[in-house]
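Inspection log for the structure reproduced underneath, given as structure tokens.
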Amino acid sequence: MNYTLVCTGCGCRYGSDYDRQICDSCDGILDVVYSGAVRIGRPSRFWDMEGVFPDSNYRHLDVGWTRLSKSTEFDNLLLKYEFDNPTGSFKDRGSVVEIAKAKEFGYHEVTCASTGNMAYSVAYYSKIYGIRSVIFISRDANRDKIRNIRSTNNSRIVRVDGDFTDAQAAAIRYSDRTGSFLTGDYCYRKEGQKSMAYEIMHSSRGIDDIIVPIGNATLFSGFFRGLLEMRKMGRIRDMPRLIGVEAAGCAPIADALDESRDARYVRPRTDADAIAVGMPTFWRQAVEAIRATGGKVVRVTDAEMRKEQRDFYISNGLVVELGGIASLAAFRKLGADRGRRTVAILSGKNV
Ligand SMILES: Cc1ncc(COP(=O)(O)O)c(C=O)c1O
């Protein structure tokens, strides 16, 4: 779909040939704005949704259209198994879009800051497209994730002695200095990740709540974007409530909502590394989505996530990482017997 890029900070506009995801004049985050109404047929595979992505020369790689399965424990709960994606997390949905754009713009190298999952995904798809990757990894990234990134044989890993926010700043500096294409929690990834909203809403009816883990809130704000587009297309009438989950030890958006103020950086104190983001890039968009859908943010403790991880392993034989199981802990905390038909996103088998 034809599009322009608009800065969410200063409103500057750029054509689709602008080959960055950050505004040249104010360093703000850009958003994709389509030239006309987006329209697609009824999708039954990921690439059926290409019409709601920014135009590019996409190679139809294996990604998305993951299982949406009834929970064995709760009648009113559906689980979206995002660890079915090739690198084990929903990040692949965004990476296939973002890396295709980097290739289209003629880049030979991409840069990314990550706590692990996004880096693995970026390294994996870059390799397929014949592009090198440089990964700035936060101090809390676990060894298995680093091993996964290394397994692609396509990455230079730079360890940053800090959290995700420090790694992100280092990646931006590197990209500014070298001209490497900056990937990560930016506009093209958000477009790919909104595909999950399309999949869920086309696969099941009568969804009241969708529970989404929040790190940088790219997935969360992507969900809202997908729902808005579907409503415009007449595919849905009412929007489900979007319920975010943050770790109790790192909940900048929940704190901002509680205190009716802007989000402020908090030092992450959680072992759920995938959602240990002290200053979420898309916090404003997440707050807008929460207000517009009547949603909220639930805090879950590391102990609650650990218990959920253990129980899920016992009943399903699968180890899902703490951030990836947070939405199930949030469902329980909200009161499973609320009777609301709910989808919980499970992602990240990379532990
Ligand atoms: C398993 C998992 N869950 C949740 C998140 C948070 O997603 P986002 O940064 O889009 O909010 C991540 C991000 O890395 C993740 O890997």
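Every number here is computed from the coordinates shown, using simple stated rules; none is lab data. These numbers come from a predicted model, not from an experiment. No Cβ is skipped: glycine too gets one built from the backbone with ideal geometry, and neighbour counts run over all protein chains shown.
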Using Cα springs under 10 Å in a Gaussian network model of the chain, which residue among 37, 329, 292 shows the largest mean-square fluctuation?
37
Global geometry of the range 194-351, whether rounded, prolate or oblate, following the gyration tensor of its Cα atoms and the 1.5 cut on a/c:
oblate
Cα→Cβ-extended label distance, 7 Å offset, between residue 303 and residue 109, nm
4.7
Only helical DSSP H runs with n ≥ 4 go in: add -39500 (n - 2.57) per run for the chain, normalise by residue count and round the 222 nm mean residue ellipticity to 500 deg cm²/dmol.
-11500 deg cm²/dmol
Can you tell me the order of 333-340, 145-152 when each peptide is scored by its average per-residue count of other Cβ atoms within 10 angstrom, highest first?
145-152, 333-340
Just to be sure I understand: of the beta bridges DSSP finds with both ends in the chain, what percent are antiparallel, rounded to 5?
25
Please label the shape of the chain as rounded, prolate or oblate, based on the square roots a ≥ b ≥ c of the eigenvalues of the alpha-carbon gyration tensor (a/c under 1.5 means rounded; beyond that, a/b larger than b/c means prolate, else oblate).
rounded
Compute the length gained on full extension between residue 291 and residue 333: take 0.36 nm times their separation in residues and subtract their Cα-Cα distance, giving the result in nm to one decimal.
13.1 nm
Compare 30, 322, 257 in a GNM of the chain, Cα atoms joined below 10 Å, and give the one with the largest fluctuation.
257
Estimated FRET transfer efficiency (residue 57, residue 157; beta-carbon r; R0 35 Å; 0.05):
0.75
Go ahead and set up a Gaussian network model of the chain, Cα springs under 10 Å, then flag whichever of 169, 272, 286 fluctuates most.
169
Loop-only check: which GluC sites (Glu not before Pro) in the range 255-351 are DSSP coil with at most 16 other Cβ within 10 angstrom?
259
Run the paramagnetic zone check for residue 44: 7 angstrom along Cα to Cβ, then residues of the range 172-199 with backbone nitrogen under 17 Å.
199
Fully extended, how many nm does the chain gain between residue 147 and residue 173 (0.36 nm per residue separation, minus their Cα-Cα distance)?
6.9 nm
With the cut-off at 21 Å, tell me which of the pairs 80/333; 190/333; 91/194; 91/145; 296/349; 145/333 have Cα atoms farther apart than that.
190/333; 296/349; 145/333
